[in-house]
Amino acid sequence: MPLFAYNITGAPVPLAAGTPVVTLPGCVAPPARGPAYNVTSELRPDLAVDPVNGKAGGVGFGGFTALQVQITANQIELEWTSDAEYLTPGLVIGGPAPGPHALVGVLHTASGLTTGHVVRATGPTTFGWGLVPTPVYNDSTRPAANTVPAGTQIFNTDEGANGAPNWSNGTSWVDAVGNLT
């Protein structure tokens, strides 16, 4: 779970905190990122003894605040490559939030949402916003109405001239007015 630091200026930049102090060489094409430097052990939190590495000392709140000033000044970027190994108090960095957390809460905000849209899995590790598509069946392929929750909607291609929605009432498939289909 490394913490990487990147210089996004053309000149060398010493990190504002850490032991030992790391100087990041300038990047070739600012504001693009320069080379990645693993600063996980240099920027570990201030603990009497680091339980992961067995080292004494570390960065306190003031050090993380000084690093945040460098981030805000567009000098450096910090990024966790996976779940954070430790908390970084007072420091807002890129990469995943530390550990599992709620989708709705202080770590996330939302704007421009569309009523009726939901979060949908788009792959094994990705998601996106969209409508839940109505499953399409015909009379012979639709599941038994008593095997799905009451209220489940499907589109039945055998219903009517052009197909029509069907709903499970918990026992049978019905149309919009309650006729058995």
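Here are the numbers for this structure:
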{"quantity": "Criterion (within 28 Å of residue 25 (Cβ to Cβ) and at pLDDT below 60) met by exactly one of 51, 96", "calculated": "96"}
{"quantity": "Residues (of a type outside the set (A, V, I, L, M) and assigned to a loop (DSSP other than H, G, I, E, B)) located in the range 141-158", "calculated": "141, 142, 143, 149, 151, 152, 157, 158"}
{"quantity": "Cβ pairs under 6 Å, 6+ apart, first in the range 1-29 and closer than 19 Å to residue 41 by Cβ and in contact (Cβ under 8 Å) with a residue 40 or more places away in the chain, second of a type in the set (Ser, Thr, Tyr) and part of a loop (DSSP other than H, G, I, E, B)", "calculated": "1/82; 2/40; 2/81; 3/40"}
{"quantity": "Cross-chain or 6+ apart pairs with Cβ under 9 Å, the range 106-127 first and part of a loop (DSSP other than H, G, I, E, B), then exposed (fewer than 10 other Cβ atoms within 10 Å of the Cβ) and modelled with pLDDT under 80", "calculated": "108/102; 110/104"}
{"quantity": "Unmet requirement for residue 161, which otherwise passes all of (1) modelled with pLDDT of 75 or more; (2) touching a His at 6+ places or on another chain (Cβ under 7 Å); (3) in a loop (DSSP other than H, G, I, E, B)", "calculated": "(2)"}
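The values are calculated or read from the model by the stated rules, or taken from the named source; none is laboratory data. Only a predicted model underlies this, so the values are computations on that prediction, with no experimental measurement involved. Ideal geometry is used to build each Cβ from the backbone, glycine not excepted, and the neighbour counts take in all protein chains shown.
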